[in-house]
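A quick write-up on the structure given underneath.
The values are calculated or read from the model by the stated rules, or taken from the named source; none is laboratory data. Computed from a predicted structure; not experimentally measured. Because the Cβ atoms are built from the backbone with ideal geometry, glycine has one as well, and the counts that use them run over all protein chains shown.
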Amino acid sequence: MIERDWLCLELLKTRGWEPRDREDDVLDSDMRFLAWTRRQGILTPADTRALRERNGSRIWPEDVLSDVRELRQLLQRVFTDVAEDGLPCRDDLSALEAVLTEAGQRRVIVPGGEGDLTWSWQGEASAPAEVTGEARVSAARARILGRIARSAADLLTSGELDRVKVCDAHDCGWFFVDVSRNKSRRWCDMAGCGNRDKARRYRERHS
């Protein structure tokens with residue numbers, strides 16, 4: 001089922017779009033990125049608490065944030081291709097597959113809710129409470145990258161790629177999934193970009 005908010009697209013919103021906001025990057029701050037993972041439901045309270053309490057070191061080693069930045073750049077290319085009525089290039093799809101594999105994301109068939117079968121992903125468990133230090137960082141890294149990459153794979157295979165659009169506002173470039181019945185939505189957020197863009201067009205027509 002197509003969803004309104006996809007984690008892979010939420011990652012692309014971690015950096016400001018408008019020129020004045022380009023330097024506002026969640027991935028430039030340990031604490032802001034940790035808070036983002038918690039809001040997105042990727043890490044548990046126990047995960048975030050343990051990471052905050054790492055002894056005298058940064059919450060995230062630089063390579064963790066670097067890996068997430070690289071994934072963000074990859075997904076920017078992938079969904080730009082999709083929104084332009086094309087398909088991602090094979091190299092980018094291979095790179096996404098590599099992230100899934102490296103993060104331990106493997107699909108298995110498991111019992112569903114009412115006697116049916118469904119796909120499930122291995123590699124989903126949080127680090128046990130007794131795991132500390134670098135082992136917990138490594139588990140958190142795999143969980144974050146795996147969840148985001150899995151979201152992208154699910155969206156790419158949803159059969160609804162014609163619903164992936166770029167916001168039509170002149171000062172925005174975020175992606176969104178159009179869940180309207182007739183696929184006519186134009187803005188990532190009607191209350192923000194939609195109203196602002198309509199007001200701008202009105203002023204231009206009456207100036």
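Just a few scattered comments:
- In the condition set (1) surrounded by 20 or more Cβ atoms within 10 Å (Cβ to Cβ); (2) at pLDDT 85 or above; (3) out of contact with any Ser or Thr (no Cβ under 9 Å at 6 or more places or on another chain), K165 is compliant with all but (1).
- Enumeration of residues in segment 30-75 that are farther than 15 Å from R136 by Cα, more than 17 Å from the chain's Cα centre (by Cα) and not in a helix (DSSP H, G or I): G56
- Scan of segment 26-37 for residues that are without any contact (Cβ under 8 Å) to a residue 24 or more places away in the chain and buried (at least 16 other Cβ atoms within 10 Å of the Cβ), ordered by number: V26, W36
- Segment 14-25, subset among the charged types (D, E, K, R) and either modelled with pLDDT of 90 or more or part of a helix (DSSP H, G or I) (or both), residue surrounded by the fewest Cβ atoms within 10 Å (Cβ to Cβ): R20
- Test set (1) over 16 Å from E134 (Cβ atoms); (2) of a type outside the set (D, E); (3) loosely packed, with under 12 Cβ neighbours inside 10 Å - I42 fails condition number: (3)
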